[in-house]
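*Asks:* Can you read through this structure? Questions will come right after.
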Amino acid sequence: MAVRPRRLRRTAALRRMVRENQITVNDLIYPLFVMEGEGQKIEIPSMPDCFRYSLDLLLKEVAEVWSLGINAIALFPVVPESKKDATGTESYNPDGLVQRTIKAIKKAVPEMLVITDVALDPYSIYGHDGIVDDQGKILNDPTVEVLVKQALSQAEAGADLVAPSDMMDGRIGAIRQGLDAAGYFYVGILAYSAKYASAYYGPFRDALDSAPKFGDKKTYQMDAANSREALKEVKLDIAEGADMVMVKPALAYLDIICQVKSATHLPVVAYNVSGEYAMIKAAAQQGWIDEKSVMLETLVSMKRAGADLILTYFAKQVAEILQAG
């Protein structure tokens, strides 16, 4: 028998030498939840080992993950109910939680890449990503106007990339135009281009207390059954000025990641979302799976599908494993 593929599987060294995909610390973006207060670190019940941090303790976490080699963090704010309203005005407050956090991170760990969420749901009394009219309809263009203000305030505070996650039509072009007009030419846009109306987001909404107060998000987030539509959304965002494109969620959408990777030369980001994280954590706590092995296998599947970067709550855990060798 001339062809024996098992020859290259015979030893661990051989397997490592011919391995097609691997996770490195440079592939990881670490999401962090920030809240008001001091000395607070509160575990999120549906996301074991994930926490809401007050700014003072968040800075310690950022410094620690930087020492592990993680280059980028994604910020998500826990906004007090008293600061929420119908139009998300707190989202562009220059002294708001996110804006203060960006400045503090840039002072403490200047080289850490800070990626900020651009959406209204954390700031809305309705928990929706857009402004809601009297009939419960999500208004596209008025929302985009607020998103531009939000992105500008984050850029002014020092964000490296703004990441619109709202799925309003035309928001990438409007934000790019607004950033450029204000002189923020080098602030990048990581577009949530193919963001699906998914059931995998539940734990994240627990973390931010941002679940919709009525209805769902299916009039602006994508239908889980569609794939061609994802390519349309990606192409529109690229034409409007996106620097990176994202597929969210990741695990149930590996086919979409693969198609998007084939359709663009821009970096493709996969969001390993809260529900995917929680399932692995819960099964591991029950002793049904080996957490480390399943985690790494899951993340490498996203790389294999075509993701260049992975936004994952496992980032710190993976970085610790990689550093330990």
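The values are calculated or read from the model by the stated rules, or taken from the named source; none is laboratory data. Because the structure is a prediction, the values reported are computed rather than measured. Cβ sites come from the backbone with ideal geometry, for glycine too, and all protein chains shown count toward neighbours. Side chains included, ligands, DNA and RNA excluded: accessible areas come from the protein's heavy atoms. Shrake-Rupley method; radii C 1.70, N 1.55, O 1.52, S 1.80 Å.
*Asks:* Which percent of the accessible heavy-atom area of the chain goes to carbon and sulfur, probe 1.4 angstrom?
*Replies:* Details: 7690 of 14780 Å².
The nonpolar share, carbon plus sulfur, comes to 52 percent.
*Asks:* D85 to D169: extension gain in nm, 0.36 nm per residue of separation minus the Cα-Cα distance?
*Replies:* The D85-D169 span can extend by a further 28.0 nm.
*Asks:* With a ≥ b ≥ c the root eigenvalues of the C-alpha gyration tensor of segment 124-262, is it rounded (a/c under 1.5), prolate (a/b larger than b/c) or oblate?
*Replies:* Cα axes put segment 124-262 in the oblate bin.
*Asks:* Also, I was wondering about something else. For helix 55-67, what angle does its Cα long axis make with the longest principal axis of the chain, in degrees from 0 to 90 and rounded to 10?
*Replies:* The angle comes out at about 30 degrees.
*Asks:* Let me make sure I get this right: for segment 169-243, a, b and c are the square roots of the gyration tensor eigenvalues over alpha carbons, sorted descending. Under 1.5 in a/c it's rounded, otherwise prolate if a/b > b/c, else oblate. Which is it?
*Replies:* Since a/c reaches 1.5 but b/c is at least a/b, the shape of segment 169-243 is classed as oblate.
*Asks:* Suppose each label sits 7 Å from its Cα in the direction of the beta carbon; what would the Q286-K41 distance come out to in nanometres?
*Replies:* For the pair Q286/K41, the computed spacing is 3.0 nm.
*Asks:* Provide the FRET efficiency to the nearest 0.05 for the T219-D141 pair, computing r from the beta carbons and using R0 = 22 Å. All intermediate terms of the calculation are to be shown ahead of the outcome.
*Replies:* Values: r = 14 Å, r/R0 = 0.66.
About 0.90, to the nearest 0.05.
*Asks:* I've got another one for you. Based on the Cβ-Cβ distance from V3 to D255, what FRET efficiency comes out when R0 is 41 Å, to the nearest 0.05?
*Replies:* Once rounded, the FRET efficiency stands at 0.85.
*Asks:* Would you kindly derive the ³J(HN,Hα) couplings of segment 235-240 from the backbone phi angles with the Karplus curve 6.51 cos²θ - 1.76 cosθ + 1.60 (θ = phi - 60°), listing them in order in whole Hz, with x for Gly and Pro?
*Replies:* 5, 4, 5, 5, 4, 8
*Asks:* Compute the Rg/Rh shape ratio of segment 91-180: radius of gyration over Kirkwood radius, all on alpha-carbon atoms.
*Replies:* My calculation puts Rg/Rh at 1.00.
*Asks:* Continuing with this model, one more query. For a 21 Å ceiling on Cα separation, which of these pairs sit above it: K235/K316; K137/K232; K84/K149; K103/K217; K106/K292; K217/K281?
*Replies:* Numbers: K235/K316 32 Å; K137/K232 24 Å; K84/K149 16 Å; K103/K217 32 Å; K106/K292 32 Å; K217/K281 26 Å.
Pairs exceeding 21 Å: K235/K316; K137/K232; K103/K217; K106/K292; K217/K281.
*Asks:* Ok, one more. Please check which bits of segment 284-312 a label hung off N71 would reach, taking the label as a point 7 Å along Cα-to-C-beta and the cut-off as backbone N under 13 Å.
*Replies:* Under cut-off, by backbone N: 308-310.
*Asks:* Sticking with this one: So if R0 is 30 Å, what FRET efficiency would E64 and A197 give, r being the distance between their Cβ atoms, rounded to the nearest 0.05? Write out the running numbers ahead of the final one.
*Replies:* On the way: r = 35 Å, r/R0 = 1.16.
Result of the calculation: an efficiency of 0.30.
*Asks:* Oh, and also: If you count only protein heavy atoms with a 1.4 Å probe, what accessible area per residue comes out for segment 249-311, rounded to a whole Å²?
*Replies:* Working: 2640 Å² over 63 residues.
For segment 249-311, the solvent-accessible area averages 42 Å² per residue.
*Asks:* What angle do you read, to the nearest 10 degrees and between 0 and 90, between the alpha-carbon axis of helix 274-285 and the longest principal axis of the chain?
*Replies:* Rounded to the nearest ten degrees, it is 50.
*Asks:* Same structure, new question: For Rg and Dmax of the Cα atoms in Å, one of (i) 20.1, 62; (ii) 19.8, 73; (iii) 18.4, 59 was computed from the structure I shared and the rest are decoys. Which label?
*Replies:* Given (i) 20.1, 62; (ii) 19.8, 73; (iii) 18.4, 59, the structure-derived one carries the label (ii).
*Asks:* Report relative contact order for the chain in percent, whole number only (criteria: Cα-Cα under 8 Å, sequence separation at least 6).
*Replies:* 18 percent
*Asks:* Cα axis of helix 254-263 to longest principal axis of the chain: angle in degrees, 0 to 90, nearest 10?
*Replies:* 80 degrees
*Asks:* By how many nm would the segment from A181 to M279 lengthen if fully extended, with 0.36 nm per residue of separation less the alpha-carbon distance?
*Replies:* Numbers: separation 98, 0.36 × 98 = 35.28 nm, distance 4.38 nm.
Once the chain is fully extended between A181 and M279, it gains 30.9 nm.
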